[in-house]
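Every number in this text was worked out from the coordinates using simple rules, so none of it is lab data. Note that the structure is predicted; figures quoted are calculated from it, not measured.
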Amino acid sequence: MRRRKNEMTVGEAVKEFIRWHGMEERVLQSMAEDAWQEEMGGFLKSYTERIYVKKRIMYVKLNSPALKEELSFGKSKIIAHLNEGIGEEFIQDLKFL
């Protein structure tokens, strides 16, 4: 079936609506926070106190100093994994608090 020029899928319409209303950044922030929970697994959930994204930097507050140190060594891999989960190169840096 051929689409007409003015037709779009529901997904395309939602993306266009989000872009039109300037909500891309907020949606990607929310997706990044969800990606941490999904991609990093249940083990880290119990040590994670707070997650937020500001200016493409993800801040993760952990309640284990040893885990914080361990994760800081694999920061670039974690960022790549999170961006893969989001489906876009959104997260530029990761800070453990």
Dimensions (Å) - region 25-96, Cα atoms, principal axes, largest first = 31, 20, 20
Within straight cross-link reach of Lys77, meaning Cα distance under 26 Å, which lysines are found once same-chain residues fewer than 8 apart are removed?
-> Lys45, Lys54, Lys55, Lys61, Lys68, Lys95
Would you list, by chain and number, the aspartates and glutamates whose Cα falls below 17 Å from the Cα of Lys5, excluding same-chain residues fewer than 8 positions away?
-> Glu16
